[in-house]
Amino acid sequence: MTHSVSMTVNGKSVSGEVESRTLLVQFLREHLRLTGTHVGCDTSQCGACVVHKDGQSIKSCTILAAQCDGADVTTIEGLADGDTLHPMQEAFRENHGLQCGFCTPGMVMSALDLVKNNPDPSEKEIREWLEGNICRCTGYHNIVKSIKAGAGSMR
Amino acid sequence: MYDFTYQRAVSVDDAAAKVEGADDAMLMAGGMTLLPTLKQRLAQPSDVVDLSGISGLAGISVEGDKVVVGAMTTHATVAASADVKSKIPALADLADGIGDPQVRNRGTIGGSIANNDPAADYPSACVGLGATIVTNQREIAADDFFTGLFETALDDGEVVTAVKFPTPSKAAYMKFPNPASRYAIVGVFVAQGSDGVRVAVTGAGQDGVFRASEMESALASNFSADAVANISVPEGDLNYDIHASSEYRAHLVTVMAKRAVNKAG
């Protein structure tokens with residue numbers, strides 16, 4: 001069965017035809033060609049696919065596109081202002097918060113949800129918050145450092 | 001994923017009617033278990049009926065000495081609720097330890113208990129606090145609700161609408177989490193309330209959540225960690241898998257019970 005869905009993605013109205021079983025991440029990557037959101041594990045563990053839906057971080061591999069009809073979605077592509085990176089992205093660059101970079105979009109989107117509710121998180125709070133984001137390069141030290149710095153420049 | 005027909009219910013009655021009208025429908029709350037299950041092709045429903053569009057199913061209220069949590073209330077909302085934190089801090093604490101932040105933003109109490117995963121956290125709070133499960137048809141005592149592995153007293157088309165938790169005089173939840181999934185390898189919920197002491201164990205039992213009655217009577221006369229230190233549950237009734245043997249789970253039940261009693265104070 002197909003459904004017509006319309007949603008706002010990174011401030012733009014988009015619509016498309018999806019199957020019942022189409023996941024939000026498939027809609028973003030395959031229909032909208034927004035390939036910054038990654039699929040790592042596809043089992044809701046790794047967090048590479050984290051986006052914001054209606055202001056909350058969620059795993060876009062574990063929600064149907066049809067469920068997001070009418071939603072407001074932000075992906076990693078929606079953060080930068082032209083060539084100027086978002087302060088959290090800039091902090092990841094400055095602090096070498098990535099090795100291979102595959103987990104980075106999810107890390108950044110997850111970090112922004114943390115900072116929204118907790119503008120000055122401690123290292124412990126950052127590490128606890130990242131329970132749902134896995135870096136297979138194990139580059140956590142610099143990721144935590146980046147989030148701390150990013151939070152600082154956003155305050 | 002096998003294909004299915006996605007339907008969005010607009011009311012509880014509509015959800016029940018959609019289930020009734022389909023060959024083999026499944027209800028979806030937050031989808032944190034159902035969608036991974038479908039992706040692994042472990043289930044093949046004809047229809048998935050989404051409850052998230054129904055207004056009035058999410059939210060927390062205090063009614064007399066009870067905290068009422070709507071079925072579609074997310075774990076993140078329970079964890080952050082001022083009412084839950086002041087009346088039943090152990091429940092907020094439990095919700096804050098489920099999965100990870102993104103799972104807590106989507107997963108719901110109704111979905112968790114209707115699924116009755118033997119390693120889920122919420123069943124232990126429901127049984128440990130002597131909660132009442134409210135559905136579109138009736139009210140069910142938590143002791144009668146969880147009937148076995150992934151099995152509940154719910155009939156087809158019966159929808160959980162809320163859970164009513166009595167406020168305990170003290171309570172605490174301690175779990176030994178699986179380091180990857182954060183599901184409970186063993187979790188113990190201890191509460192002292194108007195109907196005495198309850199000790200509910202999740203993660204360990206072959207039939208899901210159960211009450212450790214020997215610990216309950218020991219704590220009723222002496223609410224201290226020492227009272228349960230030498231009580232162990234029979235390991236023959238416990239789960240075993242690559243993460244923990246039955247013997248280790250039995251050991252953990254006593255350790256988590258002691259820690260929960262200490263935490264409850």
Taking the residues in the stretch B:68-97 that are among the hydroxyl-bearing types (Ser, Thr, Tyr) and open to solvent by 30 Å² or more (accessible area, probe 1.4 Å) as candidates, determine which candidate is farthest from the other protein chains (Cβ to nearest Cβ). B:SER86
Count of the stretch A:75-105 residues which are assigned to a loop (DSSP other than H, G, I, E, B) and of a type in the set (Gly, Ala, Ser): 4
Going residue by residue through the stretch B:43-50, is there one that turns out to be surrounded by fewer than 20 Cβ atoms within 10 Å (Cβ to Cβ), out of contact with any Phe, Trp or Tyr (no Cβ under 9 Å at 6 or more places or on another chain) and not basic (Lys, Arg)? no
Across the stretch A:137-147, what is the number of residues that are without any contact (Cβ under 8 Å) to a residue 40 or more places away in the chain and either closer than 16 Å to A:LEU112 by Cβ or open to solvent by 80 Å² or more (accessible area, probe 1.4 Å) (or both)? 3
If you check A:GLU123 against the conditions, is it open to solvent by 30 Å² or more (accessible area, probe 1.4 Å), within 11 Å of the chain's Cα centre (by Cα) and more than 10 Å from every other protein chain (Cβ to nearest Cβ)? no
What are the residues in the stretch A:42-74 that are crowded, with 18+ Cβ neighbours inside 10 Å, at the interface with another protein chain (Cβ under 9 Å from one of its Cβ atoms) and not in a loop (DSSP other than H, G, I, E, B), if any? A:VAL50, A:LYS53, A:SER57, A:ILE58, A:LYS59, A:CYS61, A:THR62, A:LEU64, A:ALA66, A:GLN67
Could you please find all residues in the stretch A:122-139 being touching a Lys or Arg at 6+ places or on another chain (Cβ under 9 Å) and closer than 13 Å to A:SER110 by Cβ? A:ILE126, A:GLU131, A:GLY132
In the stretch A:92-113, what residues are of a type outside the set (Val, Ile, Thr) and open to solvent by 10 Å² or more (accessible area, probe 1.4 Å)? A:ARG93, A:GLU94, A:ASN95, A:HIS96, A:LEU98, A:GLN99, A:CYS100, A:GLY101, A:PHE102, A:CYS103, A:PRO105, A:LEU112
Over the stretch A:1-22, the set of residues without any contact (Cβ under 8 Å) to a residue 60 or more places away in the chain and among the aliphatic types (A, V, I, L, M) is A:MET1, A:VAL14, A:VAL18
Filter the stretch B:228-259 for residues that are assigned to a helix (DSSP H, G or I), out of contact with any Lys or Arg (no Cβ under 9 Å at 6 or more places or on another chain), among the small types (Gly, Ala, Ser) and touching a residue at least 24 places away in the same chain (Cβ under 8 Å) and give the result. B:ALA250, B:ALA257
Checking B:ASP100 against (1) under 19 Å from B:ASP121 (Cβ atoms); (2) surrounded by fewer than 17 Cβ atoms within 10 Å (Cβ to Cβ); (3) in contact with an Asp or Glu (Cβ under 6 Å, 6 or more places away or on another chain), which single condition isn't satisfied? (2)
Give me the pairs: first residue in the stretch B:69-91 and outside the structural domain of B:SER112 (by TED's automatic domain parsing), second residue outside any strand (DSSP E or B) and open to solvent by less than 30 Å² (accessible area, probe 1.4 Å), beta-carbon distance under 7 Å, and six or more apart or on different chains, which are they? none
Would you tally the residues in the stretch A:1-38 being among the β-branched types (Val, Ile, Thr), surrounded by fewer than 19 Cβ atoms within 10 Å (Cβ to Cβ) and either within 11 Å of chain B (Cβ to nearest Cβ) or more than 25 Å from A:ALA80 (Cβ to Cβ) (or both)? 1
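The values are calculated or read from the model by the stated rules, or taken from the named source; none is laboratory data. It should be emphasised that the depicted structure is a prediction, and the values quoted were computed from it without experimental measurement. Neighbour counts are summed over all protein chains in view; Cβ atoms, including those assigned to glycine, are modelled from backbone coordinates with ideal geometry. Areas reflect the complete protein model, heavy atoms only, side chains present, ligands, DNA and RNA absent. Shrake-Rupley method; radii C 1.70, N 1.55, O 1.52, S 1.80 Å.
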